[in-house]
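Some notes on the structure that comes next.
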Amino acid sequence: MENFNFYSPTEFVFGKDCENEVGNYVKKYGGTKVLIHYGGGSAVKSGLIDKVKKSLDDAGITHCELGGVKPNPRDTLVYKGIDLCRSEGVDFILAVGGGSVIDSTKAIAAGVLYDGDFWDFYCGKPITSAMPVGTVLTIAAAGSEGSPDSVITKEEGMLKRGASGDAIRPRFSILNPALTQTLPPVQTAAGITDIMAHLYERYLTNTKEVEVTDRLIEALLLTMVHEGPRVIADPNNYDARANIMWAGMMAHNNSCGVGRSQDWNSHNIEHELSALYDCPHGSGLAVTLPAVFTYVMNHDVMRFAQVAVRVWGCQMDFANPEATAMEGIRRMRAFFASIGMPKTLAELGGREEDIPALVRTLCWGGGRNGSISGFVTLNEDDCAAIYRMMLK
Ligand code: NZQ
Ligand code: ZN
């Protein structure tokens, strides 16, 4: 295991109706004037925004609002949010929504205290200070409620990039699984896929002797395999929603990624897809993971065989571990399809003629030098081959 420092200061408030306490948590963390940031309308329609406002009013906290965050959130609204926070004298930002809303909130929080262009943080500058942020989560997926990360798309050139820093970890996150019961099935399934991808991206490591984190990841993957179909069959299953919601947080606050190298090639490859085709991130991952894993499998075939046996119930073929590893990837892909995720890039609108542009932005955009690195290093030819594998 490698040396590590694990810092996860977010207070999690979990369970039925806990969103009604949001005003008290804002107060606890020093907010006096709040920007409520939300998405395209689901939180308004469900009455959640009204509940949040009431709770803030009851706690004597003034507020203003900015809705309209799109999935795969854009830089243009971040600039608007920064201006609004400055003109209104906001001192706390509350995200009410999913990963897109939370990431937009984090970008505003970092940008508002920074003299330069907030996009600098998405080109590699670490975020060291930010306005405090809290969240009321409405979808189990990105794990942004407990992560130090934010992913934003620059509209000019549709460049999707991430930024990081402990300063943007939420002060608190309110997780009521019942709030996710209104999700359209495709978003529930995309969330499940994203959570599993966060686990896999950590599982694919070059660090040896990481039994504890391997076993944690396997446990969370098994949970998703168990709970995923239950929640797809019955969207109102509170207990399945609750297990998925907490798994989503644990998958990405890095408690099961410490002390080990991680991958993230699949996420980088996917981010180009959701930027170009504006598809849900999880749908993009459902077609990305099987292709990437098949392509890189021989780098450490025993690792893929291990997850095949321990998570996907495959029989270990000691004479032919490649066959076991491949069977695990096949079962993972079938699982994603069974919960309603696409199997091919074509289903997301992907076309062979887009591949050169996808590869160029992936390998060169935002200051990259012709390749991406994680579990293995992938150059332009590798990435083109992987995108081609996804087509059918
Ligand atoms: O905008 P509204 O109307 O709210 O609709 C949203 C949106 O259309 C809808 N939705 C959310 N909660 C709902 C609901 N509809 C009905 N009922 C509810 N309770 O779902 C759609 C998707 O929402 P979004 O926030 O985009 O989903 P998600 O949480 O999957 O976030 C995706 C974004 O997070 C980034 C992704 O790249 C993508 O941009 N990621 C962020 C990470 C991080 N910050 O740590 C890590 C991830 O790997 C990921 O890259
Ligand atoms: Zn993700």
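The values are calculated or read from the model by the stated rules, or taken from the named source; none is laboratory data. These figures come from a predicted structure and were not determined experimentally. Every residue, glycine among them, receives a Cβ derived from its backbone with ideal geometry; neighbour counts consider all protein chains shown. Ligands, DNA and RNA are stripped out before the accessible areas are found, and what is left, the full protein with its side chains, is counted by its heavy atoms. Shrake-Rupley method; radii C 1.70, N 1.55, O 1.52, S 1.80 Å.
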Approximate spin-label separation Asp17-Arg86, in nm, with each point projected 7 Å along Cα-to-Cβ: 4.3
- line: Distance in Å, no decimals, from the C-alpha centre of the stretch 337-367 to the one of the stretch 236-253 is 28
- prompt: What is the Cα centroid distance between the stretch 168-231 and the stretch 1-27, reported in whole angstrom?
  reply: 17
Amide hydrogen neighbours beyond the local backbone of Phe12, cut-off 5 Å, H modeled: Ser173
- request: Grab the DSSP H runs of the chain that are 4 residues or longer, score each as -39,500 (n - 2.57), total them, divide by all residues and round the 222 nm result to the nearest 500 deg cm²/dmol.
  value: -15000 deg cm²/dmol
statement: PRE zone check, label point 7 Å out along Cα-to-Cβ of Leu391, amide N under 13 Å, scope the stretch 333-355, hits 345-347, 350-355
- prompt: Can you list the residues, at least 5 places off or on another chain, whose amide H is less than 5 Å from the amide H of Glu65, using H built in the peptide plane?
  reply: Ile36
- request: Would you kindly give the portion of the calculated P(r) for the chain that falls above 33 Å, as a percent of all Cα pairs?
  value: 28
- line: In order over the stretch 34-51: 3J(HN,Hα) from phi, Karplus 6.51/-1.76/1.60, θ = phi - 60°, whole Hz, x for each Gly or Pro, gives 10, 9, 8, 10, 8, x, x, x, 4, 6, 6, 4, 6, x, 5, 4, 4, 4
- prompt: Working out 0.36 nm times the residue gap between Ala346 and Asp300, then minus their Cα-Cα distance, what length gain in nm do you get to one decimal?
  reply: 13.6 nm
query: Which of these, Val376, Val96, Val359, has the largest mean-square fluctuation under a Gaussian network model of the chain (Cα springs below 10 Å)?
result: Val376
task: Return the ratio Rg/(2.2 N^0.38 Å) for the stretch 44-138, where Rg is computed over Cα atoms only.
output: 1.07
statement: Whole-number value, in Å³ per residue, for the convex hull of the alpha carbons of the stretch 215-374 is 135
- request: Calculate what fraction, in whole %, of the accessible area of the stretch 228-363 sits on carbon and sulfur atoms when a 1.4 Å probe is rolled over the protein chains.
  value: 52
query: Per 5 Å bin, what is the whole-percent P(r) computed from every C-alpha pair distance within the stretch 325-372?
result: 5, 17, 15, 14, 16, 20, 11, 2
- line: Residue by residue through the stretch 75-83, the couplings from Karplus 6.51 cos²θ - 1.76 cosθ + 1.60 with θ = phi - 60°, in Hz, x for Gly and Pro, are 5, 4, 6, 4, 4, 4, x, 5, 4
- request: At 0.36 nm per residue, minus the direct Cα-Cα distance, what do Arg230 and Glu209 gain on full extension? Give it in nm, one decimal, please.
  value: 4.2 nm
task: With a 1.4 Å probe and every protein chain left in place, work out the accessible area per residue of the stretch 135-277 in Å², rounded to a whole number.
output: 30
- request: Could you name the aspartates and glutamates whose alpha carbon sits less than 19 Å from that of Lys70, not counting residues in the same chain fewer than 8 places away?
  value: Asp83, Asp103, Glu145, Asp149, Glu155, Glu156, Asp194, Glu270, Glu272, Asp278
- prompt: Can you count the Lys pairs in the stretch 95-215 with C-alpha separation below 29 Å, eight or more apart or on different chains?
  reply: 5
